[in-house]
Amino acid sequence: MPYPSKQADTTAPSITRETIPDEQWNDWRWHMRKRINTAEKARQWINLTADEEKAMAETAGKYRWSITPYYASLMDPDDPLCPVRQQAVPALSELMEHTGADIDPVGDMFYRKTNRVVHKYPDRAILLVTETCPVYCRHCTRKFHTTEVDGTYFEKNEGEDLDDDLRYIAEHPEIRDVLLTGGDPLSYRDDRLEEIISGLRAIPSVEIIRIGSRFPVLLPQRITDELCAMLARYHPVWLNTHFNHPKEITPEAERAIDRLLGHGIPVGNQTVLLRGVNDDVATMRFLMTELLRIRVRPYYLYHCDNVTGVSHFMTSVEKGWEIMEGLQGHITGFGVPQYVLTTRLGKIPMAQPCHRLTSEGLVLRNYKGQEMVVDSAACPLTEADLDRDPAAREKGRDRK
Ligand SMILES: *Cc1c(COP(=O)(O)O)cnc(C)c1O
Ligand code: SF4
């Protein structure tokens, strides 16, 4: 009997970071061209499970998917539960019906004033620049916009000019803060982006321009010196990005952040609390301290909304509280994001208060669970408490 030949290793991943020349690796356009969007291409990077293959076939035409080679290089080739892989590879759970799920639970459509402007808060608005992203995050809160379940937000073609949108902003001078989002605005070429940003800058009432972009996480090579220099011509410009797991903090990401900061663009981070990805204290604490190390300021921790196709990533609010308890006091205050629930009424701060009022006074609790009572002499609670105290009244008069 012939010696059984070793089966051709057709399923073993054949591409890794090491097999790609630096010149290509460092070129963001190369990554955009080489985005992974078929099972065949995905198999070059990871060993797909039967469920993942099935999900790719069954989500086709419903939910877009695409992964940059850079982001694929962070995936564990053998572990389908890898936190990076779960954010990027389609899953069958996306197709399951969940009670209470909605394509727009936060009511953005209700506050949409023009093709691209969502004006929900008095002094700020978002401008939906595009519906394109380098990677289509499986947990995207605008999944129906970025993946066309029932069409996108755009009634008119995305390529149309922004005249109506900029006019709306100019005619509402109370808008002093405009946030470019989408999709990912940095999907556009620099010159197209500059057209939009210079259009905004030409409106005197617009004070700050903010960019929401996940490129520093999904394809940090996009953050070139040219891009940063262009943005810096329109200061004050701020950028918020979206790191969800410490695995995403790589030398490439660190360089992208350094470049933004070097051009005077402050960088914040918005994390989404995702079941099975980052829903434990140790991961979250490590993520926040890693962000501080690369000088990114944690801004929001979003509770995962019950968005159609995303529900399987939802955690309980209790889990969010547990994580906040594990951050507050354990790491520096500016490493602790604000835990928020996005609703039709806006973003609602959710962290549990560390104080409660009793007949003895105000009971305070620290990060170790130790409690103390402060009475209203030590810490006046109300304006009336202050007024009752003659010494405080005297001081108040001195100041005037
Ligand atoms: C989140 C959000 C903003 C920006 O809110 P900040 O709390 O200032 O970051 C603006 N408009 C809409 C519709 C939003 O959802
Ligand atoms: S980059 Fe942002 S907008 Fe794009 S798919 Fe991911 S979460 Fe959604």
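The values are calculated or read from the model by the stated rules, or taken from the named source; none is laboratory data. Here the structure is a predicted model, which means the values were calculated and not measured. Glycine gets a Cβ as well: all are built from the backbone with ideal geometry, and neighbour counts include every protein chain shown.
In table form, for the structure just shown:
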item: Among the candidates Val106, Val178, residue that is farther than 23 Å from Leu227 by Cα and away from ligand 2 (no atom under 13 Å from the Cβ); result: Val106
item: Residue list for the range 179-202, restricted to those being touching a strand residue (DSSP E or B) at 6+ places or on another chain (Cβ under 8 Å) and over 23 Å from Leu218 (Cβ atoms); result: Leu200, Arg201
item: Residue in the range 98-117 that is among the β-branched types (Val, Ile, Thr), under 18 Å from Arg142 (Cβ atoms) and in a strand (DSSP E or B) present; result: yes
item: Residue match in the range 259-273 (condition: surrounded by fewer than 17 Cβ atoms within 10 Å (Cβ to Cβ), modelled with pLDDT of 95 or more, at positive phi and more than 17 Å from the chain's Cα centre (by Cα)); result: yes
item: The range 302-325, residues that are β-branched (Val, Ile, Thr) and free of Cβ contacts under 8 Å to residues at least 40 places away in the same chain; result: Val317
item: Some residue of the range 216-227 being within 16 Å of ligand 1 (Cβ to nearest atom) and assigned to a helix (DSSP H, G or I); result: no
item: Candidates Thr68, Thr141, filtered to the one that is within 13 Å of ligand 2 (Cβ to nearest atom) and within 30 Å of Glu18 (Cβ to Cβ); result: Thr68
item: Identity of the residue in the range 121-153, under 19 Å from the mean Cα position of the chain (by Cα) and charged (D, E, K, R), that ends up nearest to ligand 1 (Cβ to nearest atom); result: Arg124
item: Of all residues making up the range 338-385, the number that are of a type in the set (Lys, Arg), touching a Gly at 6+ places or on another chain (Cβ under 8 Å) and surrounded by 11 or more Cβ atoms within 10 Å (Cβ to Cβ); result: 1
item: Hits in the range 118-135 (condition: touching a strand residue (DSSP E or B) at 6+ places or on another chain (Cβ under 7 Å), crowded, with 17+ Cβ neighbours inside 10 Å and in a loop (DSSP other than H, G, I, E, B)); result: Val129, Val135
